[in-house]
Structures are given as C-alpha cells and as structure tokens.
Amino acid sequence: MKRETKLMHYGRSPKPGPANPPVVRASTILHETVASFRDTNKRREKDDTVLSYGRRGTTTAYALANAVCDLEGGDASFLFPTGIAALAGAISAYSSSGDHVLIVDSIFPATRTYCENQLRRNGVEIDYFSADAIDIDEWVKPNTKVVILETPGSNTFDIMDLSKFCKNAKKHNVIIIADNTYGSGWYYRPLEFGCDVSVIAGTKYLSGHADVMMGIATSRQEISAPLRQLVHNTGQILAPDEAYACLRGMRTLNLRLERHEQTGLALANWLLMRDEVVEVLHPGLSSHPGSEIWKRDASGCNGMFSVKFKLSFAADDFMDSLTLFSIGTSWGGFESLVMPIEPYKNRKYKPENTSLPMIRFQTGLEHQDDLLDDLSNAFSSLK
Ligand SMILES: *Cc1c(COP(=O)(O)O)cnc(C)c1O
C-alpha cells in the first residue's frame, strides 16, 4: 500500500468506531482478576502496546507511535514530550560516563546545548565533526560510542552523504543517532541509510499546526532495548491529547509538505535574483552544496531556507515590515515565519562571510503570490 493511503488509516479503531483514535486518559488501568493484572504486567515487557499504567502511555499514544514507526521503517518508536527530550533520551540511552560522543557541527542549537551542559556534566566527552565529513576517522577515539548527526543541518542546511558516512562510521562500532526533523518521516528514512536511531521533533511538520510539542525516537531492531529501558525508567511519554493532535495533523503531512516545498522553492528562487541577497541556503537549489546528494537520497524539500544578505542590508527593518510572515522560532506549522539567525556563532567549522545578516524563512501554506507581494513590499519599504 502507498504511504499516502496509510497516513489515512493509521490508528483506525475496529468498526463501528471513530476514524481517529479516541483520546484515552488514564493513570490506573483496572482489572477484574489478579490473573489479568499479572498477565498484563508480564505481557507489557514484550509488547509496547499493552495498556498497563499511564506512565507507559495509553492507546492514543500507541496509535501515534505505531504510525511513526511504520513511516520510519523501524522496530519500535518511543514518545517524548518535546523533540529535545527525545534527542536527550536517545543520546543518554547509548552513552555513559567515560564515553566519547561525536556530534555534527551543524546540529540543532538546543541539541548542542544539551550536550555541552548535561552530557559533559555527566562525564561524557564530546567533540564536533564537520558537516561535509564522509567518515569519523579524524575524530574517533577508542571510547567513541555515539555519533549524532542531522541532515540537512539546522539553519544552514548542510547536506551529509548519509549512506557513505554511516558505512564508514560503522567500522568503529558506534551507535548513529539522526535528527530527522527536516525529513519528518516523509522525505527520507535515516534507518535505511544505516543510522540506528531516528529522532523527529513532531513539534514541527508531523503535528503541523503550531500547537503541539512532541518528540519521537525510532530504533532499529537490534538496538531497541537500551532505549526502551531508558524510556520506561525515566517515565517518558506523550500526553494523550498531544498524541491525538499529532496523529490528526499527520493525516495531511504529505499534502502540506508538497505545498511547503513548492512555495519555499518559489520564494527561494525569487530571493536569489534580488540585489540585496548574497546567498540562499536551500537544499533544493542546484547552487546549494550537496544538492545532488539530497536529490539522490530524499524525495523532496520542506518549506525552510535561510538567506545571507549584504552587510548593509537592514534585516531587522525588513522583517518588521513583513505583514504575512510573523517573527518567531520553531517551524513546520501552517503559518509563514522569519527570524534573525547567527548560525555560525557557536560552530567549530566556519565558512567565510559569517558576519553577514541572515534570516531564516519558514514558508507556510498561504498563497505564494501573497507571500511574494509581502516580500516585495518589505524590500520597497527599505528604500
Ligand atoms: C525544533 C527542533 C528540535 C527540538 O524540538 P522541540 O520540540 O522544540 O524540543 C530538534 N531538532 C530540530 C532539527 C528542530 O528543528
């Protein structure tokens, strides 16, 4: 069955029943007999979808976890209250005091903060490798246990050659964790390229309506056990209302992404022609480094890109003049956003021109013509 069709059927209750899985709120699960109680506690150790106690989630969360697990092509998926919680959970499931963790330099800034502040404090050594690396030979140590990567990288959309990288890195017997928020379970499957765990911040395109926080980590069969144990031991789960809203949003994941891609590319190409612009960072533009790898490995682009402007450009005034683009963090919702970024501030490997003003765009689902008019008017207002 095509995955577009599957998106419509994930979590379906037996008929007669609702099209969407109901919100099931529970802490205690009641039993009629001791035998049932004992049996449930036994079965839940082998089956993540046994209703046993609210800390292990309810049927609403299971429906969402199963849907994402199927999209990602994994063995098991585990829900967390935010994307960062999912990344932190995945990283700490596979690293302990005395271990060494390698992180791609273009990682999402809050993941970097987690590693710098929490991992280091817990006695884990960390280092960064450049986003164009095709192996970890230059950075690996005897105690390297985990590699964290993200492609395209946050804010600058650096493309990694995942299959080549994973094949080489695997020689060092490491666990590879991919942040797959950009692809959001639709554009590519990190596990197919050799990653061990794929993490999606469902806060973004999965839920898609700027009103849900959630993260999900999906693992390959051979290595699910430590992640499952961490999730259960630390009490990680997503509340049923959030799980419901995320799965509801996912029904239109492919349609929304298609439109985000179209509009994003149209705007990126239009901006490329402007005198004020030095560079447009968008994995779908042939001018973007690694775009041929992205084209080979992924089925499309989302609505995100960043723009480097000339030094004299009044970026803040430009953003203030926009009326359809709001100023705000996060992305993946239906609404267009801009925000000022300084992506190279904390990086180890910096290109030239890092002092130029930069804006990150998230193109929403508004009509492309209105967004182009908005940009055009904002440029004119600066003169
Ligand atoms: C937003 C984001 C996260 C974190 O998700 P939250 O739900 O905000 O914690 C992680 N990685 C990437 C690439 C993101 O864009």
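The values are calculated or read from the model by the stated rules, or taken from the named source; none is laboratory data. Small disclaimer: the values here were computed from a predicted structure and weren't measured. So basically every Cβ, Gly included, is an ideal-geometry build from the backbone, and we count neighbours across all protein chains shown. The area values use the complete protein model at the heavy-atom level, side chains included, leaving out ligands, DNA and RNA. Shrake-Rupley method; radii C 1.70, N 1.55, O 1.52, S 1.80 Å.
Quick rundown of the values:
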{"item": "Number of the condition not met by K141 [criteria: (1) more than 27 Å from S306 (Cβ to Cβ); (2) in a helix (DSSP H, G or I); (3) not small (G, A, S)]", "result": "(2)"}
{"item": "Selection count, region 26-50, where residues are assigned to a loop (DSSP other than H, G, I, E, B) and either more than 18 Å from E242 (Cα to Cα) or not assigned by TED's automatic domain parsing to the domain that holds C246 (or both)", "result": "11"}
{"item": "Test: residue in region 217-225 that is away from the ligand (no atom under 11 Å from the Cβ), open to solvent by 10 Å² or more (accessible area, probe 1.4 Å) and under 16 Å from the mean Cα position of the chain (by Cα)", "result": "no"}
{"item": "Residue in region 309-326 that is touching a residue at least 24 places away in the same chain (Cβ under 8 Å) and closer than 30 Å to S163 by Cβ present", "result": "no"}
{"item": "Subset of region 148-173 (residues that are hydrophobic (A, V, I, L, M, F, W, C) and within 16 Å of the ligand (Cβ to nearest atom))", "result": "I148, L149, F157, I159, M160, L162"}
{"item": "Residue that is least open to solvent (accessible area, probe 1.4 Å) [pool: residues in region 91-140 that are among the basic types (K, R) and either touching a helix residue (DSSP H, G or I) at 6+ places or on another chain (Cβ under 8 Å) or over 14 Å from A178 (Cα atoms) (or both)]", "result": "R120"}
{"item": "Region 174-196, subset away from the ligand (no atom under 12 Å from the Cβ), more than 21 Å from R3 (Cβ to Cβ) and not in a loop (DSSP other than H, G, I, E, B), residue most open to solvent (accessible area, probe 1.4 Å)", "result": "I175"}
{"item": "Of all residues making up region 276-315, the number that are touching a Gly at 6+ places or on another chain (Cβ under 8 Å) and of a type in the set (D, E)", "result": "0"}
